[in-house]
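Only one structure is covered here, and it is reproduced in the block below.
The values are calculated or read from the model by the stated rules, or taken from the named source; none is laboratory data. The model shown is predicted, which means the values in this text are computed figures rather than measured ones. Note that we place each Cβ from the backbone using ideal geometry, even for glycine, and neighbour counts take in every protein chain shown. Keep in mind that these areas ignore ligands, DNA and RNA; they rest on the heavy atoms of the full protein, side chains included. Shrake-Rupley method; radii C 1.70, N 1.55, O 1.52, S 1.80 Å.
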Amino acid sequence: MPFSVEGLLTTSQHWVARASTSLPTPVATRLGGGPRVVDGQTLDPQLSVLLAVEARINRAGEERTAAQRRVALARSAAIAAGPRTPIGPVRDLTVRGADGVLRARHYRPAGGGAGRPLVVYFHGGGWVVGDLETHDQTCRLIAKHADVQVLSVDYRLAPEHPFPAPVDDAVAAFTWAVEHAADLGADPRRIAVAGDSAGGNLAAVVSQVTKDAGVQTPYAQLLVYPGADASRKYPSKDLFGEGYLLTKATMDWYVDTYAGDTDRFDPRLSPICAADKTGLPP
């Protein structure tokens, strides 16, 4: 194997990130720059160390293009994920998107998961970054600990494919999953949606769009800190706007890059703004 400076850096940074979780609290506090207290809440000292490592890795505060942000997330995800969690069979495939095929990855829990529910997963990343690799460990953990099959979908991203392309892809991919669940060995009656951040936004929107269309809706929604409202400001966005990995400026950049001039009250962008939320999946 040829020598790789990038690989060596990633390995060493991974070691530092992992080692920080076992540091004594006084040491972690000092390495993390002292106690971080906001609005009466104190950040875990080990997380302060991880934030310091992240700032050095990705040169926090620099202006970056979408391509540069994608590289940065891939590097950070590799460091944070650690060794891949062993589960059942994992295979890459393609699913139907709104404008052509999309890459996807199918995960089975140990034992194969025949007849188990299927979770259609949409990765986070502000609708601009992220892919099958950055969220591989997340999907493995869901498959293992929830004992379900997982279908991770690599939907199109902004700025190349702005709103509503990711929404349309997410709806098309869920519809494909409904049609092909039996082929995957999953229970066609129990197909859920899940996602983190921007992916949580898409999962929530899929639930609303399918309900309004009168077709099969997700069996359940797993929304991990979803982007639910781009229409208004919230105090937490200013309180934690700097120094906690995802900054206010970065969040605004992602929404602007994805949504452009879209009405921020559009429920396909801000699902919390939907006029009727009755009958949605739990």
Tell me the helices (runs of 4 or more DSSP H) entirely within the stretch 180-282 that contain at least 2 residues that are surrounded by fewer than 16 Cβ atoms within 10 Å (Cβ to Cβ) and in contact (Cβ under 8 Å) with a residue 12 or more places away in the chain.
235-239
Out of the stretch 158-175, which residues are open to solvent by 30 Å² or more (accessible area, probe 1.4 Å), assigned to a helix (DSSP H, G or I) and more than 18 Å from A228 (Cα to Cα)?
T175
Return the pair list, or none, for Cβ contacts closer than 9 Å from residues in the stretch 44-55 that are open to solvent by less than 40 Å² (accessible area, probe 1.4 Å) to residues that are of a type in the set (S, T, Y) and modelled with pLDDT of 80 or more, at least 6 apart or on different chains.
L51/Y244
Name every residue in the stretch 103-136 that is closer than 19 Å to I191 by Cβ, open to solvent by 10 Å² or more (accessible area, probe 1.4 Å) and outside any loop (DSSP other than H, G, I, E, B), in order of residue number.
R105, V119
Where a residue in the stretch 137-149 is closer than 17 Å to G115 by Cβ and acidic (D, E) and its partner, wherever it lies, is open to solvent by less than 30 Å² (accessible area, probe 1.4 Å) and not in a helix (DSSP H, G or I), with Cβ under 9 Å and at least six apart:
D147/P109; D147/G113; D147/P117
